[in-house]
């Protein structure tokens, strides 16, 4: 093998490695038993994942970003305590202009330096709310959030 062929081979390996490093992050894995499917949208500094039921209803969402979402989450809207990736947080009732929101929740979790997760749940009833909150708190957001900071 001549040196030009070896150099070309090394170039191809390094180019494919660089292309793999620049791939956009993907949504965390959902358990098959959940019966949900992600709808994903990615940008340079964010990843949006919306979990849809078989009939197309959006029940869970995750937005990963390198910037704080800057949501105003008043203390009097606090509901349940939660934990995700060893970070404690509160679930909040979203403020939709004074409308009753029932079984909806939102949370913002700082996962690390310049790594934020905004998570929201839109459930049909109290039981589904608890189930979806539990599912959200078990998601592994680490790989996707780290990929955003590269």
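Readers should treat all values here as calculations from the given coordinates under stated rules, not as data from a laboratory. The model shown is predicted, which means the values in this text are computed figures rather than measured ones.
Numbers below:
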read-out: Prolate/oblate/rounded label for the stretch 30-150 (Cα gyration tensor, a/c 1.5); value: oblate
read-out: Cα shape, the stretch 42-95, gyration tensor, a/c 1.5 rule; value: oblate
